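Asks: First the structure, then my questions, so here it is.
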Ligand code: BTN
């Protein structure tokens, strides 16, 4: 599967434009240009074999080597009101898990709040959703959902070598990329009907677990995740018994032993 031609457009069932590249700086940046130039709207898929400047959350880099991962962005431009970026990120996490399990039923992906997918405790996927706000507007008119999945990457830079992993299964990158795109569009049709958040809870790696929550200018909280709210926020019961609601923002979370 390593040398397959990357052609998710051949597998895709949902409607939307496809922009498939060999190398780009960042598929999120390309999708942004495509959106603002009017070349792509709702359902547009931008995917590449390699990124030279893959972007992650909190200004981090997303390691995106040639041919061993999926680097994709989907433009969402719903007719009704746009769901908050956090909900869209959660929907993308569920879509990635559903697609992985459909294609490789032996894998058991878990969602580490808010945007990482873990397999065997290692991060195999990250999600970066960005609102598109035209000049003079206050609210996003579209959301670009960027998804990076390590499929067969076996060597990682030393900074992430201990935490990053790959699917490790002989899966077609084209088929998986197409299925993630189709599933995300399906889920977003009914994002508020409760099904998505139920699936998110069922796949959570943190619900009921001890965590350390830090960043965003708040005091570090040590405690247990007692609930995931309907808006994807976490409720953490601190060691002092106090319940704190955490919405994504700049917050980082670590699972504690
Ligand atoms: C994270 O782990 O913090 C989020 C990583 C998101 C990476 C994907 S790869 C495709 C898309 N293009 C980017 O530049 N970033 C996202």
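Asks: Taking the criterion of being closer than 25 Å to residue 252 by Cα and touching a helix residue (DSSP H, G or I) at 6+ places or on another chain (Cβ under 8 Å), would at least one residue in the range 36-50 satisfy it?
Replies: The answer is no; no qualifying residue exists.
Asks: Another question, then. How many residues does the range 202-221 contain that are part of a loop (DSSP other than H, G, I, E, B) and closer than 18 Å to residue 117 by Cβ?
Replies: As a first pass, look at the range 202-221 and keep what is part of a loop (DSSP other than H, G, I, E, B): 203, 205-209, 216-217.
This time we only want the ones that are closer than 18 Å to residue 117 by Cβ, so: 203, 205-207, 209.
Residues that pass the stated criteria total 5.
Asks: Please go through the range 10-20 and pick out each residue that is touching a strand residue (DSSP E or B) at 6+ places or on another chain (Cβ under 9 Å) and under 15 Å from residue 185 (Cα atoms).
Replies: Hits for the range 10-20 are 12, 14, 16, 17, 18.
Asks: A follow-up question, please. When you scan the range 114-149, how many residues do you find that are in a strand (DSSP E or B), under 19 Å from residue 68 (Cβ atoms) and more than 10 Å from the ligand (Cβ to nearest atom)?
Replies: 4
Asks: Would you check if residue 213 is over 24 Å from residue 95 (Cβ atoms) and over 16 Å from the mean Cα position of the chain (by Cα)?
Replies: yes
Asks: Can you pull out the residues in the range 173-198 that are within 15 Å of the chain's Cα centre (by Cα) and farther than 20 Å from residue 143 by Cα?
Replies: The answer is 176, and nothing else.
Asks: Take residue 66 and tell me if it is in contact with a helix residue (DSSP H, G or I) (Cβ under 9 Å, 6 or more places away or on another chain) and either within 15 Å of the ligand (Cβ to nearest atom) or more than 28 Å from residue 198 (Cα to Cα) (or both).
Replies: On the way: in contact with a helix residue (DSSP H, G or I) (Cβ under 9 Å, 6 or more places away or on another chain): no; either within 15 Å of the ligand (Cβ to nearest atom) or more than 28 Å from residue 198 (Cα to Cα) (or both): yes.
Considered against the rule, which asks whether it is in contact with a helix residue (DSSP H, G or I) (Cβ under 9 Å, 6 or more places away or on another chain) and either within 15 Å of the ligand (Cβ to nearest atom) or more than 28 Å from residue 198 (Cα to Cα) (or both), residue 66 comes out as no.
Asks: Residues 164, 169: which one is surrounded by fewer than 24 Cβ atoms within 10 Å (Cβ to Cβ), in contact (Cβ under 8 Å) with a residue 40 or more places away in the chain and away from the ligand (no atom under 12 Å from the Cβ)?
Replies: Details: 164 fails: away from the ligand (no atom under 12 Å from the Cβ).
Matching residue, one of 164, 169: 169.
Asks: Shifting gears a bit: Residues that are under 20 Å from residue 167 (Cα atoms) and touching a residue at least 24 places away in the same chain (Cβ under 8 Å): find the strands (runs of 3 or more DSSP E) completely inside the range 1-106 holding 3 or more of those.
Replies: Passing ranges, in order: 45-51, 69-76.
Asks: Among the residues of the range 150-161, write down those that are out of contact with any helix residue (DSSP H, G or I) (no Cβ under 6 Å at 6 or more places or on another chain), within 13 Å of the ligand (Cβ to nearest atom) and under 15 Å from residue 71 (Cα atoms).
Replies: Matches in the range 150-161: 150, 153.
Bear in mind that the values in this text are calculations on the coordinates, not laboratory data. Keep in mind it's a predicted model, so treat the numbers as computed, not measured. Neighbour counts are summed over all protein chains in view; Cβ atoms, including those assigned to glycine, are modelled from backbone coordinates with ideal geometry.
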